[in-house]
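Enquirer: Could you have a look at this structure, given as structure tokens, before my questions?
The values are calculated or read from the model by the stated rules, or taken from the named source; none is laboratory data. This one's a predicted model, so the numbers in the text were calculated from it and none came from an experiment. Neighbour counts are summed over all protein chains in view; Cβ atoms, including those assigned to glycine, are modelled from backbone coordinates with ideal geometry. Remember, those area values only see protein heavy atoms, side chains included, never the ligands or the DNA or RNA. Shrake-Rupley method; radii C 1.70, N 1.55, O 1.52, S 1.80 Å.
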Amino acid sequence: MDAAPYLAALRDARHVVVLTGAGVSAESGVPTFRDRQTGLWATFDPMQLATPSAYERDPSLVWGWYEWRRAAVQSAQPNAAHRAITAMAAAVPRLTLITQNVDDLHERAGSASVLHLHGELGRPYCAVCRRAYALPPDPPRVVPDGERIEPPRCESCGGRIRPGVVWFGEALPQAQWRRAVDAASRCDAFFCVGTSSLVQPAASLTDVAIRAGAITIQVNLSPTDMDARVAHSLRGAAGSVLPGLVSEVWGGGNRGGQHRAR
Ligand code: OAD
């Protein structure tokens, strides 16, 4: 398909879905998971840190690691990709933003009602009674490479507080997942941005959109298995590609984002 009909189709879209992954926050300095040199899973073993049994075995190791990540996210700022998605939402009749990210950079860029499929660093809860835990307002105090930190205790039942993220082997939050599937199956245009599309069930949303007949657009720095399935693969950094696309399709709604891009 040549560029013009694809851009025109985007301009006519009534409902756009954007699925984001770690790559969308990479230009904010938040590491991805699977990039060979810099990804978190290149340095850390997910089986020691991101499973229910890892937490049972060594809660202070796991809590300390997530506090280290929470501190890093708190000192990061949204980038031009986050802002371009906010601008896109302002330009189209309806936009559903679905993220696998546990940071709050979409919200801090002005996006509302973000569906967090893998939970949020800022929403820990009791591992026993599941009551939400209110984090202290000050940023977490952590050393540069992280350290063991004993998790706080639940005010209600005394159980240990756990990070508010979805670990390997756990179910996604069901209400958010249902809304994500519903949106993917009814949208006109679907973007998957900065995700390796290797983690299920999140990656299957792109296939739901393909089957539903939506225009599908991938934005990624590197090739992925999705290249062969989506209609359009835009190769490049999300913080450059998305502001350019939003400006081209919806007429410069993201001028601020482009100027602030690093
Ligand atoms: P990955 O680390 O698997 O993939 C990140 C993707 O972003 C890669 O395909 C990179 O090529 C791409 N990328 C990096 N920088 C980019 C940039 N500036 N612009 C565009 N693309 C860029 O991260 P996810 O796909 O998000 O789950 O991983 C999915 C899940 O796996 C995560 O939510 C996490 C992880 O294990 C849990 O923790 C449950």
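Enquirer: Please specify each residue of segment 86-109 satisfying the condition of being of a type in the set (Gly, Ala, Ser) and either assigned to a loop (DSSP other than H, G, I, E, B) or open to solvent by less than 20 Å² (accessible area, probe 1.4 Å) (or both). Can you show your working first?
Expert: If we filter segment 86-109 for residues that are of a type in the set (Gly, Ala, Ser), which is where we start, we get 87, 89-91, 109.
Ala87, Ala109, listed by residue number.
Enquirer: Moving on. For the subset of segment 203-262 comprising residues that are at pLDDT below 95 and within 13 Å of the ligand (Cβ to nearest atom), which member is most open to solvent (accessible area, probe 1.4 Å)?
Expert: Arg262
Enquirer: Here's another thing I want to ask about it. Show the residue pairs that are 6+ apart or on different chains and have beta-carbon atoms under 8 Å apart, the first residue being within segment 152-172 and farther than 13 Å from Tyr125 by Cβ and open to solvent by 60 Å² or more (accessible area, probe 1.4 Å), the second being within 11 Å of the ligand (Cβ to nearest atom) and in a loop (DSSP other than H, G, I, E, B).
Expert: Matching pairs, first to second residue: Phe168/Ala50; Phe168/Thr51; Gly169/Thr51.
Enquirer: So how many residues does segment 20-79 have that are part of a helix (DSSP H, G or I), within 9 Å of the ligand (Cβ to nearest atom) and among the β-branched types (Val, Ile, Thr)?
Expert: Number satisfying all stated conditions: 1.
Enquirer: Can you tell me which residues in segment 184-202 are more than 15 Å from the ligand (Cβ to nearest atom) and open to solvent by less than 50 Å² (accessible area, probe 1.4 Å)? Let's see the steps before the verdict.
Expert: The first filter runs over segment 184-202 and keeps only residues more than 15 Å from the ligand (Cβ to nearest atom), leaving 184-190.
Within segment 184-202, Ala184, Cys187, Ala189, Phe190 qualify.
Enquirer: Taking the stated definitions as given, is Arg123 within 12 Å of the ligand (Cβ to nearest atom) and either of a type in the set (Lys, Arg) or part of a helix (DSSP H, G or I) (or both)?
Expert: Values: within 12 Å of the ligand (Cβ to nearest atom): no; either of a type in the set (Lys, Arg) or part of a helix (DSSP H, G or I) (or both): yes.
Spelling it out, it is not the case that Arg123 is within 12 Å of the ligand (Cβ to nearest atom) and either of a type in the set (Lys, Arg) or part of a helix (DSSP H, G or I) (or both).
Enquirer: Ser28: farther than 24 Å from Cys192 by Cβ and either small (Gly, Ala, Ser) or under 15 Å from the mean Cα position of the chain (by Cα) (or both), yes or no? So that I can check it myself, show each step before the final result.
Expert: Numbers: farther than 24 Å from Cys192 by Cβ: no; either small (Gly, Ala, Ser) or under 15 Å from the mean Cα position of the chain (by Cα) (or both): yes.
Considered against the rule, which asks whether it is farther than 24 Å from Cys192 by Cβ and either small (Gly, Ala, Ser) or under 15 Å from the mean Cα position of the chain (by Cα) (or both), Ser28 comes out as no.
Enquirer: If you don't mind, there's one more thing I want to ask. Please state which of the following conditions Arg70 fails to meet, knowing it meets all the rest: (1) in contact with a Cys (Cβ under 8 Å, 6 or more places away or on another chain); (2) buried (at least 21 other Cβ atoms within 10 Å of the Cβ).
Expert: (1)
Enquirer: Just give me the residues in segment 13-56 being more than 19 Å from Gln100 (Cα to Cα) and modelled with pLDDT of 95 or more, in sequence order.
Expert: Once the filter is applied, which keeps residues that are more than 19 Å from Gln100 (Cα to Cα) and modelled with pLDDT of 95 or more, segment 13-56 yields Ala13, Arg14, His15, Ser53, Ala54, Tyr55, Glu56.
Enquirer: Of the residues Ala112, Ala132, which is in contact with a strand residue (DSSP E or B) (Cβ under 6 Å, 6 or more places away or on another chain) and either polar (S, T, N, Q) or open to solvent by 20 Å² or more (accessible area, probe 1.4 Å) (or both)?
Expert: On the way: Ala112 fails: in contact with a strand residue (DSSP E or B) (Cβ under 6 Å, 6 or more places away or on another chain).
Matching residue, one of Ala112, Ala132: Ala132.
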